[in-house]
Amino acid sequence: MSTPEVPQPFPGGEHHPGESVRHTRAKGEPRFPDGPKADPAGSHFERRIRSFQPRRSRVTAGQADALQRLWAKWGLDIDGHFVDLAELFGDDRPVVLEIGFGMGEATAQMAAADPDTGILAVDVHTPGQGNLLNLADRTGLTNVRVANGDAIILLREMLPADSLDGLRVYFPDPWPKKRHHKRRLIQPEFLDLAATRLKPGAIVHCATDWEPYAEQMLEVLTAHPAFENTRADGGFAPRPDFRPLTRFEGQGLDKGHVVNDLLFRRVQHRVRPGNR
């Protein structure tokens with residue numbers, strides 16, 4: 001597949017905040033030499049239905065600059081190699097995994113409100129990665145790390161058991177067509193994997209404005225033996241104060257969309273008879 005022209009910071013000349021820039025790369029030249037890799041887990045290619053669709057869009061000068069300056073410090077390529085979270089964050093703080101953070105505004109707000117918790121934020125959208133790094137840098141956040149690639153590989157191959165204190169999946173692609181429902185992230189197999197990496201008591205927090213997907217999430221999470229609903233009535237939860245109301249979500253609410261939150265707890269590991 002040929003590599004399209006992509007935006008890059010232009011050496012010299014003026015750029016206004018938010019302005020996109022164009023740079024023609026030579027064949028084989030990486031998009032961001034010091035930033036995220038284009039295909040970090042290429043050697044792990046597998047025939048598996050993926051729940052995400054990489055998007056190509058313009059990167060602003062500020063986002064490109066953040067990717068170049070900050071990736072080595074706060075970025076992580078999902079390449080299949082083991083990750084020590086204490087080393088990644090520089091201490092043994094609790095870590096929450098967020099899958100799919102968009103442009104990162106809500107992630108940055110949650111990180112600022114809870115500086116003692118690390119947020120490992122995963123996405124494949126390069127402008128969003130750059131934007132979140134830029135927000136973290138501008139606001140002095142030290143508890144955000146941005147991961148680039150497939151969250152399944154991160155969970156399956158790179159994180160140890162019982163290493164996460166929470167999992168957040170906000171507004172994942174609903175894949176509304178019936179033939180695409182198999183691409184939805186929240187499935188029994190995904191929960192089987194996530195359960196192995198979540199500590200007992202860890203919270204899985206999902207949110208969606210697509211009601212059929214919300215119903216499926218509720219059904220799948222309720223049926224899984226490793227999780228229990230934090231709601232006594234077994235239903236959806238009100239939006240907790242720690243999840244910010246994003247601009248996108250507010251626009252949807254103005255249009256009459258219904259947003260459903262789900263808060264499930266990882267139950268204690270069951271001990272088999274005769275084992276201690």
Original post:
Between D162 and D233, what is the FRET efficiency for a Förster distance of 35 Å, r being their Cβ-Cβ separation, to the nearest 0.05?
Top reply: 0.75
Subject >> Dipole of the stretch 44-184 [Lys/Arg +1, Asp/Glu -1 at C-beta], most positive-end residue of L67, A151, A108 >> reply: A151
Original post:
Working out 0.36 nm times the residue gap between V267 and Q251, then minus their Cα-Cα distance, what length gain in nm do you get to one decimal?
Top reply: 2.2 nm
**OP:** Once you have the Cα-Cα distance between D91 and D241, take 0.36 nm times their residue separation minus that, and quote the gain in nm to one decimal.
**Re:** 51.4 nm
Subject >> Centroid-to-centroid separation of the stretch 219-259 and the stretch 57-116 [C-alpha atoms, Å] >> reply: 24
Subject >> Label-reachable residues, the stretch 97-124, where backbone N falls under 19 Å from a point 7 Å from A38's Cα toward its Cβ >> reply: 124
**OP:** Please give the net charge around D261, taking every other residue with its beta carbon less than 9 angstrom from that of D261, where Lys and Arg add +1 and Asp and Glu add -1.
**Re:** +2
Subject >> Listed peptides 128-136, 81-89 by packing density, highest first (mean Cβ within 10 Å) >> reply: 128-136, 81-89
Original post:
In whole percent, how big is the carbon plus sulfur part of the accessible area of the stretch 64-119, probe 1.4 Å, protein atoms only?
Top reply: 52
Original post:
Measuring with a 1.4 Å probe in the full set of protein chains, what accessible area per residue, in whole Å², belongs to the stretch 219-258?
Top reply: 66
Subject >> J(HN,Hα) series, the stretch 153-162, from Karplus relation 6.51 cos²θ - 1.76 cosθ + 1.60, nearest Hz, glycine and proline x >> reply: 5, 4, 5, 6, 10, 10, 10, x, 4, 6
Subject >> Sulfur and carbon atoms: percent of accessible area, the stretch 205-247 [1.4 Å] >> reply: 53
Original post:
What spacing in nm lies between the two simple spin-label points modelled at A72 and E215, each 7 Å away from Cα in the Cβ direction?
Top reply: 5.3
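The values are calculated or read from the model by the stated rules, or taken from the named source; none is laboratory data. As the structure is a prediction and not an experimental result, all values here were calculated from the model. Please note: Cβ atoms are built from the backbone with ideal geometry, for glycine as well, and neighbour counts cover all protein chains shown. Ligands, DNA and RNA are stripped out before the accessible areas are found, and what is left, the full protein with its side chains, is counted by its heavy atoms. Shrake-Rupley method; radii C 1.70, N 1.55, O 1.52, S 1.80 Å.
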